[in-house]
2 protein chains.
Amino acid sequence: MAEMRNKQVILKDYVSGFPKESDMNIVDSTITLKLPQGSNDVVLLKNLYLSCDPYMRIRMTKDTTAELGALTPGFPLTGFGVSKVVESGHPDYKKDDLVWGITNWEEYSLVPTTGMYKIEHNDVPLSYYIGILGMLGLTAYVGFFELGSPKKGENVYVSAASSAVGQLVGQFAKLHGCYVVGSAGTKEKVDLLKNKFGYDEAFNYKEEPDLNAALKRYFPEGIDIYFENVGGKTLDAVLLNMKLHGRIPVSGMISQYNLTQPEGVTNLAQIIYKRIRFEGFVISDYFHLYTKFLEFVLPLIREGKIVYVEDIAEGLENGPAALIGLYSGRNVGKQVVVVAHE
Amino acid sequence: MAEMRNKQVILKDYVSGFPKESDMNIVDSTITLKLPQGSNDVVLLKNLYLSCDPYMRIRMTKDTTAELGALTPGFPLTGFGVSKVVESGHPDYKKDDLVWGITNWEEYSLVPTTGMYKIEHNDVPLSYYIGILGMLGLTAYVGFFELGSPKKGENVYVSAASSAVGQLVGQFAKLHGCYVVGSAGTKEKVDLLKNKFGYDEAFNYKEEPDLNAALKRYFPEGIDIYFENVGGKTLDAVLLNMKLHGRIPVSGMISQYNLTQPEGVTNLAQIIYKRIRFEGFVISDYFHLYTKFLEFVLPLIREGKIVYVEDIAEGLENGPAALIGLYSGRNVGKQVVVVAHE
């Protein structure tokens with residue numbers, strides 16, 4: 001039975017502070033492309049696209065929050081991916097089926113079918129299933145529509161606004177008739193926000209020494225919905241600029257994941273004065289809305305009413321650099337790693 | 001027409017840091033006990049009981065949050081009170097009616113009838129209308145039942161647990177079949193929590209060098225509902241101990257009101273991992289529930305199923321000391337100032 005090379009990205013050890021490329025090793029392992037006997041609930045996958053997502057840093061910390069669970073040093077990273085079935089022990093999956101779900105950072109993976117979903121619509125780029133058509137799209141949809149309870153004409157602020165999730169929140173908000181302002185960290189991203197994603201206004205937060213003043217300029221009447229992606233000082237400034245009964249769906253806090261001591265948020269009393277609902281969510285709780293979401297978003301993609309910008313890194317060996325680039329904001333749009341083109 | 005002495009508590013100037021007795025003056029003013037002609041929407045009141053509430057400190061800060069509005073130096077403090085109508089320009093109020101609502105810190109007040117409510121049930125202590133039967137009782141009720149969405153058997157933590165609001169939250173939670181732990185700052189208060197209010201457990205937070213460890217001891221399985229009265233470091237420790245899908249209704253943050261630079265809260269990312277709903281509220285938004293609340297709580301008081309502990313300061317001249325005592329935790333239970341016994 002043929003042994004194949006199986007290149008892998010291995011976590012060397014737990015990380016503290018900012019992750020570096022050297023925290024991961026690229027190794028050439030081998031794999032037998034055959035399911036072990038009696039494997040009814042597993043599939044052997046050829047991985048095509050892997051997803052780089054901010055939350056992955058949290059799993060690189062020893063004794064991290066139990067809800068996410070830590071990765072294991074010496075083993076490959078895990079995360080969302082799009083893959084092709086090589087062999088299946090489960091009747092619902094057949095050879096050559098395309099699937100998306102949790103897989104490993106390697107060329108071939110033997111994974112359980114739990115959390116694996118068949119791709120039914122392939123008239124759109126397959127990599128979309130780890131972005132707009134996967135958990136990230138659902139995150140934007142649930143955070144904005146379910147937790148944000150938006151009304152037409154309301155004022156929406158999105159931080160990390162060109163990110164995998166942020167770019168969608170901005171476009172959903174515009175389609176819903178809201179006034180939308182986004183911030184990002186480079187001129188290129190700010191241009192994208194205005195010219196590609198249709199944000200009403202956009203600014204480079206690195207050029208704003210006083211974020212509170214910037215927000216007052218863009219939201220003289222205050223913010224109804226803040227889609228929280230970053231946390232820390234940004235959140236503190238936003239709290240001063242929320243409107244009465246504002247909503248803050250909390251999708252992530254990327255600015256905090258690499259700090260050994262997170263920044264203190266000092267303006268939380270605003271949550272009382274302004275009757276703010278500040279609510280965290282983890283998208284796996286909302287998977288029951290996935291079919292409804294697909295029915296909403298697929299036509300918008302096909303009609304060109306929603307665009308999705310990806311930042312493609314070619315080759316598994318470039319995965320570590322792509323992943324750590326998230327934390328310095330090097331990526332423009334959704335960061336994808338191509339392991340193989342089908 | 002008789003001029004009467006009208007003793008007043010005047011705010012001398014805006015306060016920064018902890019308030020002191022010397023921030024207020026006791027002055028003997030005079031008042032004519034007669035309504036000005038054509039006053040249709042005002043009443044002349046003889047004040048009986050005045051309420052000392054933590055939020056009052058916020059109004060002593062210049063340029064305070066617009067939602068609460070600052071007091072005016074040179075004028076009496078304002079706040080909740082129970083009063084007797086001396087003369088009325090409004091057909092709904094008659095001489096000798098008992099009312100509760102917003103009044104001034106003085107013996108006699110000329111105030112608008114907006115926000116003034118007639119006392120219909122006087123088989124209970126009148127001072128209860130600035131406590132359990134007023135906005136504070138409603139605060140405990142709304143925060144716990146409406147925002148907290150409690151289920152029987154859930155774990156509830158109350159900080160400032162013997163306070164005007166806290167003592168009620170604990171009792172409501174016990175009546176609802178929850179496990180309830182409270183913290184307070186003296187042995188006397190901790191004894192009250194256990195022996196009078198029926199908390200399952202209680203502890204003195206000043207004797208716990210590691211609040212996180214204390215909460216782990218009392219809540220090995222985590223906290224479902226944290227009724228937030230204090231903010232700051234307590235909130236930070238609580239966030240580490242919340243259960244999945246926990247709720248934090250935010251009623252107040254007394255530990256922060258006197259700080260020129262509030263403490264930073266660093267564990268907010270827990271709100272994501274644990275899908276926590278952290279929601280501020282201001283009780284005036286829920287006044288439509290007041291009648292429903294009275295129907296709920298009056299029978300409980302009459303049957304002795306709910307108790308209410310008050311800390312009574314006799315005489316308006318002792319008002320300033322009573323008020324500032326809130327911020328060092330000197331009061332035991334609801335702090336009331338008696339201006340006159342009917």
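Of all residues in region A:154-186 being hydroxyl-bearing (Ser, Thr, Tyr) and open to solvent by 10 Å² or more (accessible area, probe 1.4 Å), which is nearest to A:LYS196 (Cα to Cα)? Walk me through how you get there before you give the answer.
Kept after step one, since they are hydroxyl-bearing (Ser, Thr, Tyr), are these residues of region A:154-186: A:157, A:159, A:162-163, A:179, A:183, A:186.
Still in the running and open to solvent by 10 Å² or more (accessible area, probe 1.4 Å): A:163, A:179, A:186.
Numbers: A:SER163: 13, A:TYR179: 16, A:THR186: 15 Å.
The qualifying residue nearest to A:LYS196 (Cα to Cα) is A:SER163.
Just a yes or no: is a residue in region B:57-70 part of a helix (DSSP H, G or I) and away from every other protein chain (no Cβ under 14 Å)? Lay out the reasoning, then the answer.
The initial filter retains those residues of region B:57-70 that are part of a helix (DSSP H, G or I), namely B:57-60.
Then drop every residue that is not away from every other protein chain (no Cβ under 14 Å), which leaves B:60.
Within region B:57-70, one or more residues are part of a helix (DSSP H, G or I) and away from every other protein chain (no Cβ under 14 Å).
Of all residues in region A:133-158, count the ones that are within 30 Å of A:LEU239 (Cβ to Cβ) and under 19 Å from the mean Cα position of the chain (by Cα). Give the steps one after another, and end with the answer.
Restricting attention to region A:133-158, the residues satisfying the condition of being within 30 Å of A:LEU239 (Cβ to Cβ) are A:135-158.
Retained after the next criterion (residues that are under 19 Å from the mean Cα position of the chain (by Cα)): A:135-148, A:157-158.
Going through region A:133-158 one residue at a time, the tally reaches 16.
Look through region A:79-107, keep the residues that are in a strand (DSSP E or B) and among the charged types (D, E, K, R), and return whichever of them is farthest from A:VAL42 (Cα to Cα).
Only one residue tops the list, namely A:GLU106.
Filter region A:103-146 for residues that are hydroxyl-bearing (Ser, Thr, Tyr) and surrounded by fewer than 22 Cβ atoms within 10 Å (Cβ to Cβ); which is nearest to A:PHE172 (Cα to Cα)?
Quick first cut of region A:103-146, residues hydroxyl-bearing (Ser, Thr, Tyr) only: A:103, A:108-109, A:113-114, A:117, A:127-129, A:139, A:141.
Imposing the further condition that a residue be surrounded by fewer than 22 Cβ atoms within 10 Å (Cβ to Cβ) reduces the set to A:113-114, A:117.
Values: A:THR113: 32, A:THR114: 30, A:TYR117: 25 Å.
Within region A:103-146, the match that is nearest to A:PHE172 (Cα to Cα) is A:TYR117.
Residue check, B:LEU240 against (1) touching a Leu at 6+ places or on another chain (Cβ under 9 Å); (2) buried (at least 20 other Cβ atoms within 10 Å of the Cβ); (3) farther than 18 Å from B:GLU154 by Cβ, all met but one. Which one?
Among (1) touching a Leu at 6+ places or on another chain (Cβ under 9 Å); (2) buried (at least 20 other Cβ atoms within 10 Å of the Cβ); (3) farther than 18 Å from B:GLU154 by Cβ, the lone unmet condition for B:LEU240 is (2).
I'd like the residue in region B:238-270 that is in a helix (DSSP H, G or I) and more than 17 Å from A:LEU259 (Cα to Cα) and, out of all such residues, is nearest to the other protein chains (Cβ to nearest Cβ).
Going residue by residue through region B:238-270, those that are in a helix (DSSP H, G or I) are B:238-239, B:254-256, B:270.
This time we only want the ones that are more than 17 Å from A:LEU259 (Cα to Cα), so: B:238-239, B:254-256.
Details: B:VAL238: 12, B:LEU239: 10, B:ILE254: 10, B:SER255: 10, B:GLN256: 6 Å.
Checking each candidate, the answer is B:GLN256.
Can you report the number of residues in region A:62-83 which are surrounded by fewer than 18 Cβ atoms within 10 Å (Cβ to Cβ) and either among the acidic types (Asp, Glu) or at pLDDT 90 or above (or both)? Spell out how you get there, then give the answer.
Quick first cut of region A:62-83, residues surrounded by fewer than 18 Cβ atoms within 10 Å (Cβ to Cβ) only: A:62-70, A:72-75.
Okay, now just the ones that are also either among the acidic types (Asp, Glu) or at pLDDT 90 or above (or both), so A:63, A:67, A:72-75.
Residues that pass the stated criteria total 6.
Among residues belonging to region A:271-307 that are of a type in the set (Val, Ile, Thr) and in a helix (DSSP H, G or I), point out the one that is farthest from the other protein chains (Cβ to nearest Cβ). Give the derivation first.
So the first thing to find is which residues in region A:271-307 are of a type in the set (Val, Ile, Thr), and the list is A:271-272, A:276, A:282-283, A:291, A:297, A:301, A:306-307.
Next cut, in a helix (DSSP H, G or I) only: A:271-272, A:283, A:291, A:297, A:301.
Working: A:ILE271: 4, A:ILE272: 4, A:ILE283: 10, A:THR291: 22, A:VAL297: 23, A:ILE301: 27 Å.
Ranking the candidates gives A:ILE301 first.
Out of (1) assigned to a helix (DSSP H, G or I); (2) open to solvent by less than 30 Å² (accessible area, probe 1.4 Å); (3) more than 14 Å from chain A (Cβ to nearest Cβ); (4) closer than 23 Å to B:TYR55 by Cβ, what's the single condition that is false for B:ILE324?
Condition (2) is where B:ILE324 drops out.
Hey, among the residues in region A:5-39 that are in a strand (DSSP E or B) and open to solvent by 70 Å² or more (accessible area, probe 1.4 Å), which one's nearest to A:ILE324 (Cα to Cα)?
Taking region A:5-39 as the starting set, the residues that turn out to be in a strand (DSSP E or B) are A:5-11, A:24-32.
Cutting the leftovers down to open to solvent by 70 Å² or more (accessible area, probe 1.4 Å) gives us A:5, A:26, A:28, A:30.
On the way: A:ARG5: 25, A:ILE26: 15, A:ASP28: 21, A:THR30: 26 Å.
Ranking the candidates gives A:ILE26 first.
Has region A:220-232 got at least one residue that is open to solvent by 30 Å² or more (accessible area, probe 1.4 Å), of a type in the set (Phe, Trp, Tyr), more than 8 Å from chain B (Cβ to nearest Cβ) and touching a residue at least 24 places away in the same chain (Cβ under 8 Å)?
Let us first name the residues in region A:220-232 that are open to solvent by 30 Å² or more (accessible area, probe 1.4 Å), namely A:220-221.
With the extra rule that they be of a type in the set (Phe, Trp, Tyr), the set shrinks to none.
Looking for residues that are open to solvent by 30 Å² or more (accessible area, probe 1.4 Å), of a type in the set (Phe, Trp, Tyr), more than 8 Å from chain B (Cβ to nearest Cβ) and touching a residue at least 24 places away in the same chain (Cβ under 8 Å), one finds none in region A:220-232, hence no.
Enumerate the helices (runs of 4 or more DSSP H) found wholly within region B:125-217, keeping only those where 1 or more residues are farther than 22 Å from B:VAL250 by Cβ. Can you show your working first?
On the way: elements: B:135-141, B:166-175, B:187-195.
So the answer is B:166-175, B:187-195.
Determine, yes or no, whether A:VAL43 is touching a helix residue (DSSP H, G or I) at 6+ places or on another chain (Cβ under 6 Å), touching a residue at least 24 places away in the same chain (Cβ under 8 Å) and either not assigned by TED's automatic domain parsing to the domain that holds A:LYS334 or not in a loop (DSSP other than H, G, I, E, B) (or both). Walk me through it before giving the result.
Details: touching a helix residue (DSSP H, G or I) at 6+ places or on another chain (Cβ under 6 Å): no; touching a residue at least 24 places away in the same chain (Cβ under 8 Å): yes; either not assigned by TED's automatic domain parsing to the domain that holds A:LYS334 or not in a loop (DSSP other than H, G, I, E, B) (or both): yes.
Answer is no for this residue.
Quick one: A:LYS151 ticks every box in (1) open to solvent by less than 50 Å² (accessible area, probe 1.4 Å); (2) closer than 24 Å to A:ILE225 by Cβ bar one, so which box is it?
That leaves (1) as the condition not met.
Select from region A:108-124 the residues that are touching a strand residue (DSSP E or B) at 6+ places or on another chain (Cβ under 8 Å), hydrophobic (A, V, I, L, M, F, W, C) and assigned to a loop (DSSP other than H, G, I, E, B) and list them in ascending order. Walk me through how you get there before you give the answer.
Restricting attention to region A:108-124, the residues satisfying the condition of being touching a strand residue (DSSP E or B) at 6+ places or on another chain (Cβ under 8 Å) are A:108-113, A:115-119, A:122.
Subset that is hydrophobic (A, V, I, L, M, F, W, C): A:110-111, A:116, A:119.
A:ILE119, the sole residue that qualifies.
Starting from region A:51-65, take each residue that is within 15 Å of B:ILE272 (Cβ to Cβ) and list its partners that are assigned to a helix (DSSP H, G or I), counting only C-beta distances under 7 angstrom and pairs at least six apart or across chains.
The qualifying pairs are A:PRO54/A:ILE254; A:PRO54/A:LEU326; A:MET56/A:LEU323; A:ARG57/A:TYR327; A:THR64/A:ILE58; A:THR65/A:ILE58; A:THR65/B:TYR273.
The values are calculated or read from the model by the stated rules, or taken from the named source; none is laboratory data. The structure presented is a predicted model; accordingly, all values stated were derived computationally and were not measured. Cβ sites come from the backbone with ideal geometry, for glycine too, and all protein chains shown count toward neighbours. The area values use the complete protein model at the heavy-atom level, side chains included, leaving out ligands, DNA and RNA. Shrake-Rupley method; radii C 1.70, N 1.55, O 1.52, S 1.80 Å.
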